[in-house]
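**Student:** One structure is given below, represented as structure tokens, and several questions about it will come after.
The values are calculated or read from the model by the stated rules, or taken from the named source; none is laboratory data. Keep in mind that what you see is a predicted model, and the values were worked out from it rather than measured. Methodologically, a virtual Cβ is constructed for each residue, glycine included, from the backbone with ideal geometry; neighbour enumeration extends over all protein chains shown.
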Amino acid sequence: LDAAKLPPIRNPLDVVGHVTEQAALDTGLRSGTPVLVGGADYPVALLGSGACRPGMGSDSTGTGAIITVIAEKPLLDPEISNVATVEGNWAQFVLLETGGDGMRWARRAFHGNALSYNEIVARAAEAPAGCDALLFMPFLIGERLGRHRNARAQFFGLGAGHGMEHLHRSILEGIAFAMTRHIRIMEQASNRPLERVIAAGGGARTELWLKIKASAFNIPILVPREPECGIVGCAAMAATATGRFSRVDQAAERFVSYGAEILPDPGWAEIYRRTQPVFEQLYRHSQALYDDIDALAAATRPTQP
């Protein structure tokens, strides 16, 4: 690539200009307000959740679900991605494409969008931990970084005794099992256990799901009082760029506060400990079928007239 065709690389806190009078009229912002380089939604949300020092972990569940560990250096592993953070560290992460999208799919597929998410979570709460051995593989739109981008979702172990409550809870648990798998990959690669996770994104609003995750991870989860962590991250960046703080991580620590700490449920954690190896086996054995499923779908798809 010709470097002359690319924009210069700038620090996220650099002031690149100010709001013009015309822009002020168009937006309602005050003329002369500094404009920063800024950052992408993910690293700014990490900052705004308070996950900005090495060793801290983050669960960012929105459409997808990202498990992140903050570190001083990138972690080079085929299944782990790395991105620079606003404060100058590295975010080592593994991404699951289906996070909150799992609930969205269930709401549409099972209820025609007639139920609210709170009603769906209430149904899920009626099922026992482990869902009477019903497992959900949460790959509704494949895996972005897995061995097979064409991975598929599945319910496994479905029996006549299962009801809608089991289906809903198994989706929440299946996503938690997939995220636990990602945590173990990162722990093995770094040779460092994850001790605490900070929740962010829309998933931080669902107490049942947080309890399921904490129990599956067997790690406490801290919940910020403001779940829209990207907003807090932007505020920390603005306060630092305009001189209120000398370091952006200090600004984040001042702005971020936490509400509940979700602890693992010992009974659930034991059930999930026994279930996780079965989930891992199902994950491995399913890999051989995805190409065949694609071929079958192509062969049976109706031809266009």
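**Student:** Out of the stretch 286-305, which residues are exposed (fewer than 10 other Cβ atoms within 10 Å of the Cβ) and either in contact (Cβ under 8 Å) with a residue 40 or more places away in the chain or part of a helix (DSSP H, G or I) (or both)?
**Tutor:** Selection gives Ala288, Asp292, Ala298, Ala299, Thr300.
**Student:** On to the next question. Against the definition (aliphatic (A, V, I, L, M), closer than 23 Å to Glu226 by Cα, within 13 Å of the chain's Cα centre (by Cα) and surrounded by 18 or more Cβ atoms within 10 Å (Cβ to Cβ)), how does Ile70 come out, yes or no?
**Tutor:** Here the answer is no, as Ile70 does not meet what is asked.
**Student:** Hey, another quick one. Name the single residue that is nearest to Lys73 (Cα to Cα) among those in the stretch 206-234 being of a type outside the set (Asp, Glu) and surrounded by fewer than 16 Cβ atoms within 10 Å (Cβ to Cβ).
**Tutor:** The selected residue is Pro220.
**Student:** Kindly indicate which of Gly230, Gly259 is out of contact with any strand residue (DSSP E or B) (no Cβ under 7 Å at 6 or more places or on another chain) and not in a loop (DSSP other than H, G, I, E, B).
**Tutor:** Residue meeting the stated conditions: Gly230.
**Student:** Only one of Arg184, Arg123, Arg104, Arg169 is under 23 Å from Ala297 (Cβ atoms) and not acidic (Asp, Glu); which?
**Tutor:** After ruling out the rest, the residue left standing is Arg104.
**Student:** Kindly evaluate Arg254 against the criterion of being exposed (fewer than 14 other Cβ atoms within 10 Å of the Cβ), basic (Lys, Arg) and within 17 Å of Ala51 (Cβ to Cβ).
**Tutor:** yes
**Student:** Which residues, taken from the stretch 90-139, are of a type in the set (A, V, I, L, M, F, W, C), assigned to a loop (DSSP other than H, G, I, E, B), on the phi < 0 side of the Ramachandran plot and touching a residue at least 40 places away in the same chain (Cβ under 8 Å)?
**Tutor:** Hits for the stretch 90-139 are Ala127, Ala129, Phe139.
**Student:** Please go through (1) crowded, with 19+ Cβ neighbours inside 10 Å; (2) closer than 17 Å to Glu280 by Cα for Phe155 and return the number of the only condition it doesn't satisfy.
**Tutor:** Among (1) crowded, with 19+ Cβ neighbours inside 10 Å; (2) closer than 17 Å to Glu280 by Cα, the lone unmet condition for Phe155 is (1).
**Student:** Name the strands (runs of 3 or more DSSP E) wholly inside the stretch 1-64 in which the number of residues that are of a type in the set (A, V, I, L, M) is 1 or more.
**Tutor:** Once the strands (runs of 3 or more DSSP E) in the stretch 1-64 are filtered for at least 1 residues that are of a type in the set (A, V, I, L, M), what remains is 15-18, 34-36.
**Student:** Evaluate the stretch 82-93: report whether one residue or more is crowded, with 20+ Cβ neighbours inside 10 Å, at pLDDT below 95, within 22 Å of Pro224 (Cα to Cα) and charged (D, E, K, R).
**Tutor:** For the stretch 82-93, residues crowded, with 20+ Cβ neighbours inside 10 Å, at pLDDT below 95, within 22 Å of Pro224 (Cα to Cα) and charged (D, E, K, R): present.
**Student:** Please specify each residue of the stretch 160-179 satisfying the condition of being more than 16 Å from Gly100 (Cα to Cα) and buried (at least 21 other Cβ atoms within 10 Å of the Cβ).
**Tutor:** His166
**Student:** Taking the condition of being in contact (Cβ under 8 Å) with a residue 40 or more places away in the chain, assigned to a helix (DSSP H, G or I) and not aliphatic (A, V, I, L, M), how many residues in the stretch 195-227 meet it?
**Tutor:** 8
**Student:** Further question: Restricting attention to the stretch 94-131, report how many residues are surrounded by fewer than 16 Cβ atoms within 10 Å (Cβ to Cβ) and charged (D, E, K, R).
**Tutor:** Qualifying residue count for the region: 3.
**Student:** Taking Gly142 as the residue in question, decide whether it is over 23 Å from Asp294 (Cα atoms) and outside any strand (DSSP E or B).
**Tutor:** no
**Student:** For the stretch 65-89, give me the residue count where each residue is polar (S, T, N, Q) and either farther than 17 Å from Ala178 by Cβ or part of a loop (DSSP other than H, G, I, E, B) (or both).
**Tutor:** 3
**Student:** With the structure loaded, tell me whether Phe156 is aromatic (Phe, Trp, Tyr), under 25 Å from Leu289 (Cα atoms) and within 19 Å of the chain's Cα centre (by Cα) or whether it fails that test.
**Tutor:** Here the answer is no, as Phe156 does not meet what is asked.
**Student:** Which members of the stretch 211-230 meet the condition of being more than 24 Å from Ala71 (Cβ to Cβ) and of a type in the set (A, V, I, L, M)?
**Tutor:** The one that is more than 24 Å from Ala71 (Cβ to Cβ) and of a type in the set (A, V, I, L, M): Ile212.
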